[in-house]
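Colleague: I'd like to ask you about the structure that follows.
Just so it is clear, none of the values below were taken in a lab; they were calculated from the coordinates. All of these numbers come straight from a predicted model, not from anything done at the bench. Cβ: placed from backbone, ideal geometry, glycine included. Neighbour counts: every protein chain shown.
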Amino acid sequence: MAVELTFHGHASFTLRGGGATLLLDPFFTDNPLADVSADSVEADYILVSHGHGDHFGDTVAIARRTGATVISNFEIATYCENQGLKAHALHLGGGWEFPFGRVKLTIAHHGSTLPDGSPGGNPAGFLLEIEGKRVYFAGDDDALRAVGLLTPRLVIPMHYGTWPLVEQDPHAFAKRVEEMGVRCSVLPPGQKLTL
Ligand code: NI
Ligand code: MN
C-alpha cells in the first residue's frame, strides 16, 4: 500500500495511509498559501510539532469538527484535552503504535509557546512509519545540514514563501540538495505525491 502526501503550504501536510488521514501542523486560516480551509479539511489525527501559531494553527477548530485525535507533546496534548478534544501525548524520544502506524517524537531546536501564551512544552519533529514507508517531518531546522546527516531518498521543502520573513527560493534549495545526490521535490500547495 502507498502513502499519499499533500502539501498545503507553510508546514502543513496531509498524509493518507494505514487507513487514516493525518494532518500535520494544520495552519490554514491566515496562511496565504493554503489550498484548503479549516472548515473543510479532513482529519482522523492531527500531529502538532510545536505550539507556535503557524503550526498549532487551526488544530482546535478542526479537532472539534472532525473528532480527530491530536498527537503532540504532553503540554500541547493536555492543553487540547482541557478544551474537550481527544489527544494522545508523547514525550521526546517516545513512540506509539497507532492503528495507522508508528509515531515517534524527535528533538527539534526551537520554541513552543502557544498563541495564548500557555506553555507548549518542547518543540518536536515526527518520525512516522506507515505502510512500510518512513517519513521524517523535521520542523524548522538547518535543512541542508539535516539532509547531509540523514541521507534520505527524497526531500520535500516546506516553511518558505508564506511571508517575507520566510522568503526563500525552494528551487535553489532543491538544486543544492540534488548536488548532494538526494532527490528533492518542490510541491506547490494542493499537489499530491505518492510515496
Ligand atoms: Ni515555530
Ligand atoms: Mn514556523
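Colleague: Per residue, what volume in Å³ does the convex hull of the Cα atoms of segment 22-79 enclose?
Modeller: With only Cα atoms used, segment 22-79 gives 71 Å³ per residue.
Colleague: Just subtract the alpha-carbon distance of Met1 and Asp39 from 0.36 nm times their residue separation and send over the number in nm, one decimal.
Modeller: Roughly 10.8 nm would be gained on extension.
Colleague: Pairwise over distinct Cα atoms, reciprocal of the mean inverse distance: report the Kirkwood radius of segment 114-195 in Å, one decimal place.
Modeller: Roughly 14.5 Å, rounded to one decimal.
Colleague: Could you give the length gained on full extension between Leu92 and Leu144, defined as 0.36 nm per residue of separation minus the Cα-Cα distance, in nm?
Modeller: Contour length minus the Cα-Cα distance gives 16.4 nm.
Colleague: Shifting gears a bit: So what's the gap between the Cα centers of segment 12-34 and segment 159-184, to the nearest angstrom?
Modeller: Centre-to-centre distance over Cα atoms comes out at 20 Å.
Colleague: Give me His171, His110, His10 ranked fewest to most by other Cβ atoms within 10 Å of their Cβ, as a rough exposure proxy.
Modeller: So the ranking, lowest neighbour count to highest, is His171, His110, His10.
Colleague: While we're looking at this one, here's another question. Classify segment 86-154 from the C-alpha gyration tensor, please: rounded if a/c falls under 1.5, else prolate or oblate depending on whether a/b exceeds b/c.
Modeller: Verdict is oblate for segment 86-154.
Colleague: Antiparallel versus total DSSP beta bridges in the chain: what percent is that, nearest 5?
Modeller: 70
Colleague: Sticking with this structure for a sec: List the lysines whose Cα sits under 23 Å from the Cα of Lys192, skipping any in the same chain fewer than 8 residues away.
Modeller: Filter leaves Lys133, Lys175.
Colleague: Show me the GluC sites (Glu not before Pro) within segment 111-195 that DSSP assigns to loop and that have at most 11 other Cβ atoms within 10 Å of their Cβ.
Modeller: Glu167
Colleague: Another question about this same structure. By average Cβ neighbour count within 10 Å, what is the ranking of 60-70, 147-157 from highest down?
Modeller: Highest mean packing first, the order is 60-70, 147-157.
Colleague: Does the chain come out rounded, prolate or oblate by the C-alpha gyration tensor, with a ≥ b ≥ c the root eigenvalues, rounded set by a/c under 1.5 and, if not, prolate when a/b is larger than b/c and oblate if not?
Modeller: rounded
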